[in-house]
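The values are calculated or read from the model by the stated rules, or taken from the named source; none is laboratory data. None of the values given here were measured: they were computed from a predicted structure. Note: ideal-geometry Cβ built from the backbone for every residue, glycine included; neighbour counts use all protein chains shown. Protein only, heavy atoms only, side chains kept; ligands, DNA and RNA dropped before computing areas. Shrake-Rupley method; radii C 1.70, N 1.55, O 1.52, S 1.80 Å.
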Amino acid sequence: MTGAELAAIRKAAGLSQTVLARRAGIGRHAVSYWENRPQVDLRAWAVERMAEVIDLPKKPALGWRLRAPWERALEAQAEAAFIAYALRLKARCDAAAARRRVICGAMTRKGTACRCLSEPGKRRCKFHGGKSTGARTPEGLDRIREAQRRRWAKWRAEQLKNNQAKPRDMGC
């Protein structure tokens, strides 16, 4: 349906644009707008309101015009292109997150926060565990435990030796 046909139907009903607009509960400019359109959308809100006042042709049963096969193929192609674009964008974001470097922030011996950049994709720098993967096998875990036991035993022996060597001040 064209705008000229809509104007002809309105005139045949003996209504002016202003009267039709008042009865339909829309503005006069909406009536003028649709009468000047080359194609009238029967699903538009204002046109549906005008259809309550004047006798307009009924909209298709499906509510949508039937599309040609090439239109459906074009729509499917556009959807596939959009999905491919979204997947590429997600892959790029994931790759950027894997390369992202942030400030470490671990507590240093001075009591301040570490200002080194983290290892790519991690939250800590190479000095505070960003490079370490730790032991993964049971043998590796046992080896680390034994090394820690030896280290602590050595430290305790030194502490004991140092405490015995120092003369104690009794406060006299």
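For residues in segment 13-30 being in contact with an Asp or Glu (Cβ under 9 Å, 6 or more places away or on another chain) and not in a loop (DSSP other than H, G, I, E, B), which is most open to solvent (accessible area, probe 1.4 Å)?
R23
For segment 106-121, give me the residue count where each residue is open to solvent by 40 Å² or more (accessible area, probe 1.4 Å), part of a loop (DSSP other than H, G, I, E, B) and closer than 27 Å to C93 by Cβ.
So the answer is 4.
Out of (1) at pLDDT below 90; (2) part of a loop (DSSP other than H, G, I, E, B), what's the single condition that is false for P38?
Answer for P38: the failing condition is (1).
Could you please find all residues in segment 1-12 being touching a residue at least 24 places away in the same chain (Cβ under 8 Å) and either open to solvent by 90 Å² or more (accessible area, probe 1.4 Å) or part of a helix (DSSP H, G or I) (or both)?
Result: G3, A4, E5, L6, A7, I9, R10.
Determine if segment 83-105 includes at least one residue that is open to solvent by 100 Å² or more (accessible area, probe 1.4 Å) and either in contact (Cβ under 8 Å) with a residue 60 or more places away in the chain or under 30 Å from E5 (Cα atoms) (or both).
No, there is no match, as no residue in segment 83-105 is open to solvent by 100 Å² or more (accessible area, probe 1.4 Å) and either in contact (Cβ under 8 Å) with a residue 60 or more places away in the chain or under 30 Å from E5 (Cα atoms) (or both).
Any idea how many residues of segment 31-45 are surrounded by fewer than 19 Cβ atoms within 10 Å (Cβ to Cβ) and free of Cβ contacts under 8 Å to residues at least 24 places away in the same chain?
The number of residues fulfilling the criteria is 6.
Being touching a residue at least 12 places away in the same chain (Cβ under 8 Å), out of contact with any Asp or Glu (no Cβ under 8 Å at 6 or more places or on another chain) and surrounded by 10 or more Cβ atoms within 10 Å (Cβ to Cβ) narrows it down to one residue among R149, R124; which is it?
Going through R149, R124 in turn, just one is touching a residue at least 12 places away in the same chain (Cβ under 8 Å), out of contact with any Asp or Glu (no Cβ under 8 Å at 6 or more places or on another chain) and surrounded by 10 or more Cβ atoms within 10 Å (Cβ to Cβ): R124.
Just checking, which of R72, R136, R150 is at pLDDT 95 or above and of a type outside the set (S, T, Y)?
R150
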